[in-house]
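All remarks here apply to the structure that follows.
Since every read-out is calculated from the coordinates, none of them should be taken as a lab result. Note that the structure is predicted; figures quoted are calculated from it, not measured. Counting neighbours? That spans all protein chains shown, and the Cβs are built from the backbone with ideal geometry, glycine included.
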Ligand SMILES: Nc1nc2c(c(=O)[nH]1)N[C@H]1C(S)=C(S)[C@@H](COP(=O)(O)OP(=O)(O)OC[C@H]3O[C@@H](n4cnc5c(=O)[nH]c(N)nc54)[C@H](O)[C@@H]3O)O[C@H]1N2
Ligand SMILES: Nc1nc2c(c(=O)[nH]1)N[C@H]1C(S)=C(S)[C@@H](COP(=O)(O)OP(=O)(O)OC[C@H]3O[C@@H](n4cnc5c(=O)[nH]c(N)nc54)[C@H](O)[C@@H]3O)O[C@H]1N2
Ligand code: SF4
Ligand SMILES: [Mo]
């Protein structure tokens, strides 16, 4: 059975309608969980490849008839899809056949940001890029060129920048997304959580979600694992100021006051320690710092946390016992997008520590130690030694525990005189910085300062409007990228291969990067004929059969033990070689060795805290122009507590303007008056309110949350930008509040 158009609409409709508590989790998919897709349903050809509609990289089977991709289904043999895709992946043809795609290389005609371009040949466009890069290298040194990237196709450009000699390579998925989580877990266990997350949710007995809104956050395998766990009787504890879709399936929904999760986590640990409910043997063997932690937790009582979180002490005690009762198969999910309040590394660390008390790290139903296939590199010239340090920290500042470059920091460094040296040029691959970095007006100021802005994209998103040169990449269905070998329970090797030839005058990223390299004297770094030859060489040198891989799209290796129960000897690569409940690393860097809670700022009178998240059928603003996906959800709404809406005289469905604390106004947005959200915050889906002229479908639909994020709170430990610190008031059309 394939996913038919009708079923697809049903999935999206159910998800977008979000009826509270109805149906099984499997209904989110609109699919019978026991039916595996028959890949041979239709199509002249079926080409296995992997998805890029989000960053999870599920294996897909693309069905081709008369040269057109007619249908995209899940590859049954691929561990991340297991025969199913999320609704977004199924709608990938909506990107391939989007009439608004970038079709030809473009050169800017008027001033930056005016969105006025002239179509040129690839030679002219690439010569302009090469000339700009050589000038920057000569005038300021290679470090003055930065690469922003997101997505799997970026590897060719990262390689190009390293060869060129720049350390300024960053993705908003670190400092605007999961960076604090990785650092918080590394400080505790010596290793981060990674992507795909190394959770073993399918075998969990209790799953605790701190804001993580799985089911709206549609990472395919995680949602499947959650469905499996629930089918096996697992219970959910959902902590969220909003009654999310997954809260509708939970045993406990804790509508926490936004920004106070750390207080709840400390109080949970207080109860677990005080009542001796933690995993004593596990901690004796593997952890240090329990005594310091116990002492620290003494006054973090449920009554103390009540005042902060508004969650009653009895509930805190009851849920603490509930979590501990299922250990070690009790998973406190680390979340993914965690740049919320600026205390995010410490909150993530508290999540890590709670998991340590439950003994879940390295245990079935908790976190596994995944395996990974390692392939030898394609032999190419080695990068130069001792590249300069990145320019991502404001002058005089250090984020001692950051383990990647900060996208926001590179933007700051592009405003002259703010960092140790100035960044003078940007190459932007697959990242719509005007919707992903906080304070977009600052991003625009930075853009105006640059000598060179190159955007490689598939769509004319906002960022493309600011480019000097726009290079149209073909979509993931038209190209071959780097081989995918993630760390996972079942280690595997997957290949992305072209399903149909590139449409229009678009080119694959590997070709674009190589052409630039050839023009600036870096040809030696790109010795491969094309990306298929490159992929084949790597696969072959790893001892795998390329023909089988190309035919199946994936090769799965033997799993081997991944948990302590299976006899695995765990490894904690912290400085002490143990789980660090008390962190000398943090103390040495001048931070709290055990997390302390500071209450967040209160909304000013008449204001609500602005929260945001995901819609099940969209990936940020990347898919809001996708006409297939938008058939089911084509504009966002602002969730307002029903009682507050009544007090403000707001009608359900009426269009309002949000005005933030700095007077910035949103586009008109429809009110969703609902009891499913607290009265001190409002919520909207990120990725709407596009202003780019070329996005003819998405333009003018809904409102843009990023525009309202004029403030952020920087995490002092790793530089992440906490963005849930903005407040809005609601203005009715023509009625200033
Ligand atoms: N206000 C606010 N800001 C946020 C968030 C939020 O919720 N609210 N979320 C944060 C999070 S979690 C993250 S991970 C970041 C993500 O932010 P970004 O890294 O900027 O990622 P996307 O928004 O996915 O970038 C989308 C761009 O990639 C292009 N694109 C899509 N496919 C391809 C392709 O195959 N090739 C090329 N070259 N381009 C392609 C799209 O057309 C689009 O222009 O944003 C963060 N910023
Ligand atoms: N469909 C779909 N799925 C996606 C994506 C997508 O664009 N579309 N993007 C992917 C990416 S890159 C990421 S990073 C993830 C992000 O997804 P997640 O990591 O799951 O979540 P966030 O976007 O941070 O969080 C949104 C949720 O947190 C709640 N929340 C807000 N403030 C607080 C608070 O103070 N405390 C608590 N406890 N909860 C709070 C909100 O009400 C909302 O339910 O999703 C991934 N999956
Ligand atoms: S989770 Fe959905 S959009 Fe993301 S890679 Fe998988 S199928 Fe594609
Ligand atoms: Mo993210």
Original post:
When the Cα centres of segment 328-400 and segment 162-186 are compared, how far apart do they sit, in Å?
Top reply: 10 Å
Subject >> Relative contact order %, segment 87-131, counting alpha carbon pairs below 8 Å whose residues are six or more apart >> reply: 27 percent
Subject >> Kirkwood Rh, Cα atoms: Rg over Rh of segment 176-368 >> reply: 0.92
**OP:** Report the antiparallel proportion of the DSSP beta bridges in segment 608-732 as a percent, rounded to a multiple of 5.
**Re:** 55 percent
Subject >> Overall form of segment 608-732 per C-alpha gyration tensor (a/c, 1.5; a/b vs b/c) >> reply: oblate
Original post:
Among 279-292, 89-102, 296-309, how do they line up from the highest to the lowest mean number of other beta-carbon atoms within 10 Å?
Top reply: 89-102, 296-309, 279-292
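Suppose a student asked you for the relative contact order of the chain, using Cα pairs under 8 Å spaced at least 6 residues apart; what percent would you report?
Values: 1694 pairs, mean separation 138.3, N = 737.
Once divided by the residue count of the chain, the mean separation gives 19 percent.
What per residue convex hull volume, in Å³, do the alpha-carbon atoms of the chain yield? Walk me through the intermediate numbers first.
Numbers: hull volume 110.9 nm³, N = 737.
Residue-normalised Cα hull volume stands at 150 Å³.
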Original post:
Does segment 204-284 classify as rounded, prolate or oblate by the C-alpha gyration tensor (a ≥ b ≥ c root eigenvalues; a/c under 1.5 gives rounded; else a/b over b/c gives prolate, otherwise oblate)?
Top reply: oblate
**OP:** Return the calculated 222 nm mean residue ellipticity for the chain, to the nearest 500 deg cm²/dmol, obtained by summing -39500 (n - 2.57) across DSSP H runs with n ≥ 4 and dividing by the residue count.
**Re:** -8000 deg cm²/dmol
Original post:
Based on the inverse mean of 1/r over its pairs of different Cα atoms, what is the Kirkwood hydrodynamic radius of segment 391-548, in Å?
Top reply: 18.2 Å
Original post:
What whole number of Å gives the distance from the Cα centroid of segment 418-462 to the Cα centroid of segment 70-105?
Top reply: 28 Å
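Ranking 563, 128 by Cβ neighbours within 10 Å, fewest first, what do you get?
Neighbour counts put them in this order, fewest first: 128, 563.
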**OP:** Sort out for me the Cα centre separation of segment 187-236 from segment 482-528, rounded to whole Å.
**Re:** 31 Å
Original post:
If you take the Cα Rg of segment 374-481 and divide it by 2.2 N^0.38 Å, with N the number of residues, what do you get?
Top reply: 1.24
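Highest first, please rank the peptides 476-482, 529-535, 388-394 by the mean number of other Cβ atoms sitting within 10 Å of their residues.
476-482, 388-394, 529-535
For each of 72, 136, count neighbouring Cβ atoms within 10 Å of the residue's Cβ, then give the residues from fewest to most. Intermediate values should be presented prior to the final figure.
Details: 72 25, 136 22.
In order of increasing Cβ crowding within 10 Å: 136, 72.
Would you work out the relative contact order for segment 608-732, in percent, from Cα pairs under 8 angstrom that are 6 or more residues apart? Kindly include the intermediate steps, with their values, before the conclusion.
On the way: 264 pairs, mean separation 42.3, N = 125.
Value for segment 608-732: 34 percent.
Given the peptides 408-419, 461-472, arrange them by the average over their residues of other C-beta atoms within 10 Å, most packed first. Spell out each step's value before the answer.
Values: 408-419: 21.2, 461-472: 24.8.
Ranked from most to least packed, the peptides come out as 461-472, 408-419.
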Subject >> Extension gain (nm, one decimal) between residue 602 and residue 118, 0.36 nm per residue minus Cα-Cα >> reply: 169.3 nm
Original post:
What's the exposure ranking of 608, 322, going from fewest to most Cβ atoms within 10 Å?
Top reply: 322, 608
